[in-house]
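The block underneath contains the structure these notes are about, expressed in structure tokens.
The values are calculated or read from the model by the stated rules, or taken from the named source; none is laboratory data. A quick note: this is a predicted structure, and the numbers were derived from the prediction, not measured. All Cβ positions, glycine included, derive from the backbone under ideal geometry; neighbour counts span all protein chains shown.
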Amino acid sequence: MAKFLTILFILLASNFNVFSQNSATSDFQSPLDIPLFLSGNFGELRATHFHAGIDLKTQGVTGKPVYSSFEGYISRIKIQSGGYGKSLYITHPNGYTTVYAHLDKYMPNVEAYVKSSQYKRKSYEIELFPPKEMFVFKKGELIGYSGNTGRSGGPHLHFEIRKTDGQIPVNGLKFHLPVEDRIRPEFRSLYAYSYPTEETVSIGGSERTMYNVRKKNDSVYYVDKVIECTNNYLGFGAEVYDFLNGSSNKCGIYLLQLKVDNIPRFMFQIDAISFVNSRFVNAHMDYELKVDKGKSVHRLFALPNNSLPIYSNTLDNGLLYLADDSVYHCEIVALDVYGNSSTLIFSCTSAANDNAIRTFPDYSTFVNWEKGDDFSIGNFSVHIPPRALYQDTYLSVSSMKGTGDVFSDTLIVCKETEPLHIGITIRVTIDTVKEYLEDKILFARLNGGKQISAEGGEFHNGVLSVTTRNFGKYIVTVDTTAPLIKPLSFRSGGRYNKDQNLIFKVEDKLSGVQSYDAYIDDEWVLLQYDAKSGTLIYTIDAERLEQGKSHKLKIVVSDAKYNRSEYENRFYY
């Protein structure tokens, strides 16, 4: 039995080239000095992109030491209120660059360089490319401390390994980091996509059927009935996740292969994903299920507008033609980087009816993905450029009477669960806008029928236009409400010491915070802004603030529609 398992293990490795860890450099060490447990891995399906790194847990706290994974120099420093927050990029002599994101702070000499640059530019958000000789680190040298800055869902270190040439992220788990994984991937469900021809067409999800899977043993899953397809062509999608030791987080899958009657028909393997191609994740996964249900379903067939280079062993782009009265025996094999594998087995057959009538949504408009389309309804016009869609799509387009404080009817362009690769342009003609509101008017999208989110737009000569990568329900409204600034950790006339934080909460109901500045005694000072929590922080700076006197503090915040708020008070330092 042991000999059989050894042979099987070798065959899997040879067939899928999974164990190419041996060909990856072992130069890199862990960037943390604590046991490595992952909350996210490379290639994980996110809304609109593949995850470009691995997320390393920091025991639920910030401030863990972060070390240079290999010798090199800081080639880039970037600070954002969202995104990666505080990040460092270190270029190495072996052709790779490592990225350390969501940091709390850098080393003191780097902090001083960054702060000086921020004061020169009078901006918290900044991007710097220091000379290569300025900040040089040895392997294992301290470079900063972990944090929760940017669009982070909790304290952790986002760590990437990129090919320096082209800044292409590669799978960091293939570089011999001390991560333990002895857990097989888990299948959760199977989806069958039925089409009358070899051309895939989106009809709002009606072409999709879900099948529950059952577990036969530790490595084999199955569907307990034969899948009957009412059309001639069938594609499959698998909801499957990887898990690693010491963590309950659902992670992405590294490799999937579909075989039909033991013949390979489709396979993907995620070793590297360029940022140029990352948005094609919308074609790779079932976007509707991701948005509506939070499910990660990998398609095992290629949509026409999908240029990802991760596919191989493709036969008819993964679609299966079902001959009458034939039963097809299928299997999907899932593997992770460490060679743990699981298999889903099932069968399918044709139940096609040539006389079946397909139904389409009311007001549907057929749009060819290669050509795009232009259409209008009422005062609205919509331009869908070529290659904006991932496949031919029936779009449901309509309008309904607007209510409340709006300047238009509600435009409904398809469903928000239909993905777009590039932006569509929506325009509306409005002749009732008063001049003082022209820079306040904007498109907003209705989310769930009640909440609205700003999409923006420019108003010129009676026409409001916006380019967006979101379908959905649109209204035209105005934003005349200034942001609200509230003290959280500040009291009028209070006494403060060196390095204490003055913390304020800023809220904007619609167009969003666009700019923020602070002045002490009429001199600009640095504010840190955390977009996810809406907090502004000023840290008492002994080098720039005179001690032993009362100071006047002024904070100015503007939103994207030029509404401005000011907060003034005094404190003692």
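From the residues in the stretch 430-486 that are farther than 19 Å from Asp409 by Cβ, free of Cβ contacts under 8 Å to residues at least 40 places away in the same chain and among the charged types (D, E, K, R), which one is surrounded by the fewest Cβ atoms within 10 Å (Cβ to Cβ)?
This residue is Glu435.
Only one residue in Tyr529, Tyr573 is touching a residue at least 12 places away in the same chain (Cβ under 8 Å) and over 30 Å from the mean Cα position of the chain (by Cα), so which one is that?
Among Tyr529, Tyr573, only Tyr573 is touching a residue at least 12 places away in the same chain (Cβ under 8 Å) and over 30 Å from the mean Cα position of the chain (by Cα).
In the list Gly82, Gly95, which residue meets the criterion of being within 19 Å of the chain's Cα centre (by Cα) and surrounded by fewer than 23 Cβ atoms within 10 Å (Cβ to Cβ)?
Working: Gly95 fails: within 19 Å of the chain's Cα centre (by Cα).
Just a single option satisfies the conditions, and that option is Gly82.
Filter the stretch 223-242 for residues that are outside any strand (DSSP E or B), of a type outside the set (Val, Ile, Thr) and over 17 Å from Leu344 (Cα atoms) and give the result.
Looking only at the stretch 223-242, we keep the residues that are outside any strand (DSSP E or B), and these are 223-226, 230-232.
Keeping just the survivors that are of a type outside the set (Val, Ile, Thr) gives 224-225, 231-232.
Of everything in the stretch 223-242, those that are outside any strand (DSSP E or B), of a type outside the set (Val, Ile, Thr) and over 17 Å from Leu344 (Cα atoms) turn out to be Asn231, Asn232.
Could you grab me the full set of residues in the stretch 49-73 that are surrounded by fewer than 18 Cβ atoms within 10 Å (Cβ to Cβ) and not in a strand (DSSP E or B)?
Gln59, Gly60, Val61, Gly63, Glu71
Going through the stretch 494-515 one residue at a time, which ones are part of a strand (DSSP E or B) and either of a type in the set (Gly, Ala, Ser) or over 19 Å from Tyr84 (Cβ atoms) (or both)? Can you show your working first?
Step one: filter the stretch 494-515 for residues part of a strand (DSSP E or B), giving 495, 501-507, 513-515.
The answer is Arg495, Asn501, Leu502, Ile503, Phe504, Lys505, Val506, Glu507, Gln514, Ser515.
Among the residues in the stretch 154-163, are any out of contact with any helix residue (DSSP H, G or I) (no Cβ under 9 Å at 6 or more places or on another chain), surrounded by 12 or more Cβ atoms within 10 Å (Cβ to Cβ) and either of a type in the set (Lys, Arg) or at pLDDT below 95 (or both)?
yes
Scan the stretch 407-437 for residues that are among the aliphatic types (A, V, I, L, M), closer than 21 Å to Leu395 by Cα and touching a strand residue (DSSP E or B) at 6+ places or on another chain (Cβ under 7 Å) and report the count.
The qualifying residues number 6.
So Tyr538 clears everything in (1) at pLDDT below 95; (2) part of a strand (DSSP E or B) except one condition, right? Which one?
(1)
Would you pick out the residues in the stretch 297-319 that are over 30 Å from Phe243 (Cβ atoms) and either among the hydrophobic types (A, V, I, L, M, F, W, C) or assigned to a strand (DSSP E or B) (or both)?
The answer is Leu315, Leu319.
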